[in-house]
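Below: one structure, written as structure tokens.
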Amino acid sequence: MLTYDEALARILAQVTPLPAAETRLEHALGLVLSETIVSPIDLPPFANSSMDGFAVRAAEVQSPSTTLPIAGDIPAGALSIPALRPGTTLRIMTGAPMPEGADAVIPVEETQVQPGGSVTFLTAAALGDCVRPAGEDVIAGSVVLTAGTRLRPAAIGLCAAVGRSTVRVSPRPRVAIISTGDELVPPGQALKQGQIYNSNLYSLAAQVEEAGGIVTHRLLAFDTPESLREVFDQCAGADLLLTSGGVSVGDFDYVKAVFAERGTVDFWRVAIRPGKPLAFGHWGDTVFFGLPGNPVSSLVTFELFVRPALRRLLGHSDTSRPLISAHLSEEAHHNPGRQSFLRAVAVQNAGEYTVRPLPRQGSGMLGAAAEANALLIVPADLSVLLAGTTADVLLLD
């Protein structure tokens, strides 16, 4: 069997970012740029006032109590800007262009408007006060964002500020999810003898969306080759195909065999706990993962393998969750032989992490998994990690 590191390395070696696509800016949050953005304009594009106030010649307001007549108003967005005549002032709004002849703005809070249309200044003016020069932030022709940048809100705003309505990005992967099992029914229906609710379909869809993918299919297959063939065919063309259940060695585990009719299974089984029965392969350009059916095994193997693949498809260079070192607050036990990923709670205090393994580690115990914000990694050759020692931890939240 492959180790965790070997399996992840093999997956990432075979997954490449999706071809870049032009995407409207309002849909690009969180996506990764496939191009370098060069600004065609200065930011700001013209000198403007940073305050509501009065545009003046600084040399004419060198002492408090100076009074000047108000010769007009300049609102933000004004297309016709009067020049500032000597011995006068112009009322100006935040963001409005500076008039020719003005070199400072005195905020309205530092003024008293007098009857008859004049204003007295309560402070002296200095050259450049409350003026944002053209190009103060960005010079035309300069690089503002490089390829590989994840588009956070400020970057989205910057693209808009330099006039871009679309950007080239690695698009969100289209993911098809198939849950398998005769025993599965949708939440909301009454359970009959031997039935359980189909939790994997919901948890996996949530994990896909959190990782940045788009769920295009949410399907249920029964434990027959015919049912699997039917739902597989509905998923043709997806960027990533994800199944849960049916990849072990039971008499009704047909997923690998039916998938192999369409694609190639690159490997099956990884030396980890939970989640040994994991299949990975390709169907044309579609990446395939066959996850275990136990709910916690499904959750954990998604975090360890599927999420990094999704992030690689999205163009991210950082594919895995943050790996930190933490002190154990209590002992952690496991059966040696396979590397374990125990559900745990990590807490940061004064810059250091402590981690507490949760008491219920069964692969079907979603209640305990819902408490976890971390995976505590236990090496395959150890049976216990002592309290107070340090261990590697993957942060989930």
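Every read-out reported here was derived from the displayed coordinates using simple, explicitly stated rules and does not represent laboratory data. Given the structure is predicted, the values throughout are model-derived calculations rather than measurements. No Cβ is skipped: glycine too gets one built from the backbone with ideal geometry, and neighbour counts run over all protein chains shown.
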Highest mean first, what order results for 162-172, 269-279 on Cβ atoms within 10 Å? 269-279, 162-172
Mean separation of Cα pairs under 8 Å and 6+ residues apart, divided by the residue count of region 49-132: what relative contact order is that in percent? 43
What FRET efficiency, computed as 1/(1 + (r/R0)^6) with R0 = 35 Å and r the Cβ-Cβ distance, is obtained for residue 126 and residue 154, rounded to the nearest 0.05? 0.70
Label-point gap, in nm, between residue 323 and residue 229 - each point 7 angstrom along Cα→Cβ: 4.3
Between residue 193 and residue 109, what's the calculated FRET efficiency when r is the beta-carbon distance and R0 is 56 Å? Round to 0.05. 0.15
Expressed as a whole number of Å, what is the distance separating the alpha-carbon centroids of region 174-225 and region 1-35? 24
Order of 29, 68, 313 - criterion: other Cβ atoms within 10 Å of each residue's Cβ, fewest first: 29, 68, 313
Treating region 174-248 as a set of equal point scatterers at the Cα positions, no solvent, please give the Debye-formula log₁₀ I(q)/I(0) at q = 0.13 Å⁻¹. -0.38
Excluding residue 258 itself, calculate the net charge of residues whose Cβ lies under 14 Å from the Cβ of residue 258, where each Lys or Arg counts +1 and each Asp or Glu counts -1. -3
So who's got an amide H within less than 5 Å of the one on residue 148, skipping anything under 5 residues away but keeping other chains? H placed 1.01 Å off N, in plane. 33, 34, 35
Can you give the log10 of the normalised intensity I(q)/I(0) at q = 0.09 Å⁻¹, computed with Debye over equal Cα scatterers of the chain? -0.69
Just to check I understand the Karplus step: with θ = phi - 60° and J = 6.51 cos²θ - 1.76 cosθ + 1.60, what whole-Hz values come out for region 158-165, glycine and proline as x? 5, 4, 5, 5, 9, x, 8, 9
Tail fraction, Cα-Cα pairs, region 49-132, threshold 16 Å, whole percent: 41
Rounded to the nearest 0.05, what FRET efficiency do residue 16 and residue 347 have when you use their Cβ-Cβ distance and R0 = 45 Å? 0.75
In debye to the nearest 20, how big a dipole does the chain give about its Cα centre with +1 on each Lys and Arg Cβ and -1 on each Asp and Glu Cβ? 460
Viscosity 0.692 mPa s, temperature 37 °C: Stokes-Einstein D of region 323-395 from its Kirkwood Cα radius, in µm² per second? 271
Test of understanding: what is the full-extension gain from residue 269 to residue 25, defined as 0.36 nm times their sequence separation minus their Cα-Cα distance? 83.7 nm
Amide H proximity to residue 218 below 5 Å, modelled H, separation 5+ or other chain, gives 177
How high is the relative contact order of the chain, given as a whole-number percent (alpha carbon pairs under 8 Å, six or more residues apart)? 16
What percent does the relative contact order of region 270-397 come to when contacts are Cα pairs within less than 8 Å and at least six residues apart? 28
Beta carbons within 10 angstrom, averaged per residue: use that to sort the peptides 384-394, 173-183, highest first. 173-183, 384-394
